[in-house]
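*Asks:* My questions will all concern the structure given below.
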Amino acid sequence: MADTDNGGGPYGSGPGTPGDKGSGEGRRPDRRRYTSGGILMGRPFGVPVYVAPSWFLVAALITWVFGGQLDRVLPELGGARYLIALFFAVAFYASVLVHELAHTVAALRFKLPVRRIQLQFFGGVSEIEKESETPGREFVLAFVGPLLSLVLAGVFYAGMQVVEPDTVPGVLLAGLMVSNLIVAVFNLLPGLPLDGGRMLRAVVWKISGKPMTGTVAAAWTGRALAIAVLIGFPLATHAGGFTDEGVGGMDTLTDALLAAILAAIIWTGAGNSLRMARLRERLPDLRARTLTRRAVPVESATPLSEALRRANEAGARALVVVDGQGDPVAVVREAAIVGIPEHRRPWVAVSTLAQDLKEGMRVPAELAGEDLLDHLRAAPATEYLVVEETGEIYGVLSTGDVEKAFVEAMAKPAS
């Protein structure tokens, strides 16, 4: 996940992978804004919904393919068939959005924050920030998406029964029924990052009692599924007799290309899920107390050379600027110290090299794991003041030390 994802991963109506999870959403829900996530379309249930630029490419492709099908079934439509096909593309992605909203509503019901929903190249992704607490909730959270797609397929099938089949409404309802059925069945395949993979993860988690065991099983099943798609999809379309005149006009090369794209997305998503699970497993090793450097308090007018002398005598590696009452007001930046030549240090006051303590720059010494990373992300800085519950200075935490510990934790062999 981008930025060290502390979430349970994306729940999607397609084999999407985690995208950038930076905020960037607009402040006003009635205005569409382009961000790193795409175009902000709205905030149902308070969750921003973005349409990625890749969606327009797929919408154009769907319009072209479905327009060709309409020409064979209803040749009298002429050029209007592409307007109808565009309507189908929008309606299909509206169905995808319903699928994602099912995940979102379930997550919010379980008190799991949802960062955003993104409609993209192959479906959509609901970016849920935290992992489910139990395998039962994980299973429900994953299953509701395909369930809603099946319900929609049933609704569209019921609609087909009351209209003539060789009409515009009949063709549209048939297309939406089939597409939602495909979305449901595809997402029920038992491999990460698909919903079926998360359901498999929940089952193995329940049996083994270990979420990591479930993730490993579902991730490797996902990789096997990717290989099966890469090899099996072109063979299946060829065996089914799909030629240049077949479904959507796809030829063998198109089948192979589509299979390669799907396989790559599934393989990458499975790998990302496995890496993030290992990350969450090792996050508890990141503790503010153990990563903090011992610091000495100095007043703002203290020359840098004198402050460093006191730090060396005390065996400390950081400096905290305090006021006349001894209360901390700033943290001296390590990078700023390095930039001052030794011969100038007696003439430079530590206050000129310090970062004033702002909101969020005081870190409780007991923070660890995801809570620690969440705190640091909420208030970006190079150094933080670590304090005890009593408010007493414990030391200074450098983001460089956190990053180094993070890399070391990820490099450890899996247990």
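*Asks:* What do you reckon, is L372 within 25 Å of A277 (Cα to Cα) and in contact (Cβ under 8 Å) with a residue 40 or more places away in the chain?
*Replies:* Working: within 25 Å of A277 (Cα to Cα): yes; in contact (Cβ under 8 Å) with a residue 40 or more places away in the chain: yes.
It is true that L372 is within 25 Å of A277 (Cα to Cα) and in contact (Cβ under 8 Å) with a residue 40 or more places away in the chain.
*Asks:* In the list A288, A335, which residue meets the criterion of being farther than 22 Å from E388 by Cβ, of a type in the set (A, V, I, L, M) and under 35 Å from the mean Cα position of the chain (by Cα)? Talk me through it step by step, then tell me what you get.
*Replies:* Numbers: A288 fails: farther than 22 Å from E388 by Cβ.
Matching residue, one of A288, A335: A335.
Table: residues versus (1) in contact (Cβ under 8 Å) with a residue 12 or more places away in the chain; (2) crowded, with 19+ Cβ neighbours inside 10 Å.
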| site | (1), (2) |
| --- | --- |
| F56 | no, no |
| R72 | no, no |
| F87 | yes, no |
| V90 | yes, no |
| A94 | no, no |
| S126 | yes, yes |
| S132 | yes, yes |
| E138 | yes, yes |
| V144 | yes, yes |
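*Asks:* Being buried (at least 21 other Cβ atoms within 10 Å of the Cβ) and modelled with pLDDT under 90 is the filter here; which residues of segment 211-233 pass it?
*Replies:* Correct list: P211, V229.
*Asks:* Just give me the residues in segment 96-105 being more than 20 Å from I182 (Cβ to Cβ) and buried (at least 24 other Cβ atoms within 10 Å of the Cβ), in sequence order. Spell out how you get there, then give the answer.
*Replies:* Residues of segment 96-105 that are more than 20 Å from I182 (Cβ to Cβ), as a first pass: 104-105.
If the condition is that a residue be more than 20 Å from I182 (Cβ to Cβ) and buried (at least 24 other Cβ atoms within 10 Å of the Cβ), then T104 is the only one that fits.
*Asks:* Restricting segment 109-124 to residues that are assigned to a loop (DSSP other than H, G, I, E, B) and not hydrophobic (A, V, I, L, M, F, W, C), which is most open to solvent (accessible area, probe 1.4 Å)?
*Replies:* First, pick out the residues of segment 109-124 that are assigned to a loop (DSSP other than H, G, I, E, B): 110-113, 121-122.
With not hydrophobic (A, V, I, L, M, F, W, C) added as a condition, the list becomes 111, 113.
Details: K111: 175, P113: 49 Å².
Looking at the filtered set, the residue picked out is K111.
*Asks:* Could you tell me whether segment 186-193 includes any residue that is in a helix (DSSP H, G or I), buried (at least 22 other Cβ atoms within 10 Å of the Cβ) and in contact with an Asp or Glu (Cβ under 6 Å, 6 or more places away or on another chain)?
*Replies:* Applying the first criterion (in a helix (DSSP H, G or I)) to segment 186-193 yields 186-187.
Subset that is buried (at least 22 other Cβ atoms within 10 Å of the Cβ): 187.
Of the ones still in play, those that are also in contact with an Asp or Glu (Cβ under 6 Å, 6 or more places away or on another chain) are 187.
Looking for residues that are in a helix (DSSP H, G or I), buried (at least 22 other Cβ atoms within 10 Å of the Cβ) and in contact with an Asp or Glu (Cβ under 6 Å, 6 or more places away or on another chain), one finds at least one in segment 186-193, hence yes.
*Asks:* Can you pull out every residue in segment 146-159 that is hydroxyl-bearing (S, T, Y), within 18 Å of L194 (Cβ to Cβ) and open to solvent by 40 Å² or more (accessible area, probe 1.4 Å)? I'd like the intermediate steps shown before the answer.
*Replies:* Step one: list which residues in segment 146-159 are hydroxyl-bearing (S, T, Y), which gives 149, 157.
Subsequent filtering for residues that are within 18 Å of L194 (Cβ to Cβ) retains 149.
Of everything in segment 146-159, nothing turns out to be hydroxyl-bearing (S, T, Y), within 18 Å of L194 (Cβ to Cβ) and open to solvent by 40 Å² or more (accessible area, probe 1.4 Å).
*Asks:* Which count do you get for residues in segment 274-294 that are over 22 Å from D371 (Cβ atoms) and touching a Pro at 6+ places or on another chain (Cβ under 9 Å)? Steps first, please.
*Replies:* Quick first cut of segment 274-294, residues over 22 Å from D371 (Cβ atoms) only: 274, 294.
Right, trim to touching a Pro at 6+ places or on another chain (Cβ under 9 Å) and you get none.
Selection size over segment 274-294: 0.
So that you can scan it fast, the table gives a plain yes or no per residue for (1) crowded, with 16+ Cβ neighbours inside 10 Å; (2) in contact with a Lys or Arg (Cβ under 9 Å, 6 or more places away or on another chain):
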| position | (1), (2) |
| --- | --- |
| D323 | no, no |
| E342 | no, no |
| R345 | yes, no |
| D356 | no, no |
| M361 | yes, no |
| L367 | yes, yes |
| R377 | no, no |
| S398 | yes, yes |
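*Asks:* Ok, one more. With the checklist (1) buried (at least 17 other Cβ atoms within 10 Å of the Cβ); (2) part of a loop (DSSP other than H, G, I, E, B) in hand, flag the one item V162 doesn't pass.
*Replies:* (1)
The values are calculated or read from the model by the stated rules, or taken from the named source; none is laboratory data. These numbers were taken from a predicted model, which means no experiment stands behind them. All Cβ positions, even for glycine, are placed from backbone atoms using ideal geometry, and neighbour counts span all protein chains on display. With ligands, DNA and RNA removed, areas are computed over all heavy atoms of the protein, side chains included. Shrake-Rupley method; radii C 1.70, N 1.55, O 1.52, S 1.80 Å.
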